[in-house]
Amino acid sequence: MDERIQKYEEKMKKTLNGFEVELTTIRAGRANPHILDKLTVEYYGAPTPLQQVANITVPEARMIQIQPWEASLIKSIEKAILVSDIGLNPSNDGKVIRLVFPELTEERRKELVKDVKKKGEGAKVAVRNIRRDANDAFKKLTKQDVSEDEIKELEDKVQKLTDKFIKDIDVAVENKSKEILTV
């Protein structure tokens, strides 16, 4: 593949991957430990990812269990969960913290689907901006003795990449929406 196109394809891949990671943080009624991926806990004065200070398990379909390696961390883990935008209340028994996922209401499911679609639109806009940057760069190539036909060919290839990644984003949105609406 042409290296002039490759860097734009890489950027589009990163956009898609970032979007897919973002989708894993949206809770769909089932317990998904990835909603805790962005949480950090004060650990010896430094913000540390939760996964590095505790064992995270899913013992039931709608419960996440967090077992800190040091009991002294329970309070700071609870605090991190409460100040986050997860929307769950932690409960602990002195050894483990449990996060119970309430059953999603129909209204909340529709809100989440709307949110997923909005994030999908944002990802599509990012991909289209990458296409625009690529096309701008290709237009500048005319000054470097590159034929108009070659530039047109590059633009066509970038358009095909754009279409492919937009389709991938649509599929991801569709799958996440189905997951959210499945009771």
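The values are calculated or read from the model by the stated rules, or taken from the named source; none is laboratory data. This is a predicted model, so every value here is computed, not measured. With ideal geometry, Cβ positions are generated from the backbone for all residues, glycine too; neighbour counts draw on all protein chains shown. The protein model used for the area step is the full one, side chains on, heavy atoms only, and it has no ligands, DNA or RNA in it. Shrake-Rupley method; radii C 1.70, N 1.55, O 1.52, S 1.80 Å.
Estimated at 0.36 nm per residue, the fully extended path between Glu60 and Ala137 surpasses their Cα-Cα distance by 22.5 nm. With a 1.4 Å probe and every protein chain kept in, tell me what percent of the accessible surface of the chain is carbon plus sulfur. Roughly 51 percent, rounded to a whole number. Taking the Cβ-Cβ separation of Ala46 and Val100 as r and a Förster radius of 25 Å, what is the calculated FRET efficiency to the nearest 0.05? So, using R0 = 25 Å, E works out to roughly 0.25. Of the listed pairs Lys114/Lys167; Lys14/Lys140; Lys75/Lys114; Lys118/Lys143; Lys14/Lys38, which have alpha-carbon separations greater than 30 Å here? Beyond 30 Å between Cα atoms: Lys75/Lys114; Lys118/Lys143. Qualifying trypsin sites (Lys or Arg not before Pro) in the stretch 89-173, where qualification requires a DSSP coil assignment and no more than 14 other C-beta atoms within 10 Å, comprise Lys95. The alpha-carbon positions of the stretch 10-105 define a convex hull whose volume is 115 Å³ per residue.
Think of each Lys and Arg Cβ as +1 and each Asp and Glu Cβ as -1; about the Cα centre, that makes the dipole of the stretch 50-183 roughly 260 debye. GNM remark for the chain: springs join alpha carbons under 10 Å apart, and the peak mean-square fluctuation among Asp170, Asp115, Asp156 falls on Asp156.
Computed from the Cβ-Cβ distance with R0 of 22 Å, the FRET efficiency linking Asn89 to Thr182 stands at 0.35. Once C-alpha pairs closer than 8 Å and six or more residues apart are averaged by separation and normalised to the residue number of the stretch 14-141, the relative contact order reads 22 percent. Put simply, the C-alpha atoms of the chain give a gyration tensor, and the ellipsoid matching it has half-axes of 43, 20, 11 Å, longest first.
Packing order of peptides 42-50, 69-77, highest average first: 69-77, 42-50 (average count of other Cβ atoms within 10 Å over each peptide's residues). Annotation: per residue accessible area for the stretch 115-183 equals 63 Å², rounded to a whole number [probe 1.4 Å, protein chains only]. Taking every protein chain into account, the accessible area of the stretch 1-114 amounts to 59 square angstrom per residue (probe 1.4 Å).
Oblate is the label for the stretch 17-70, because a/c, from the alpha-carbon gyration tensor with a ≥ b ≥ c as root eigenvalues, is 1.5 or above and a/b does not exceed b/c.
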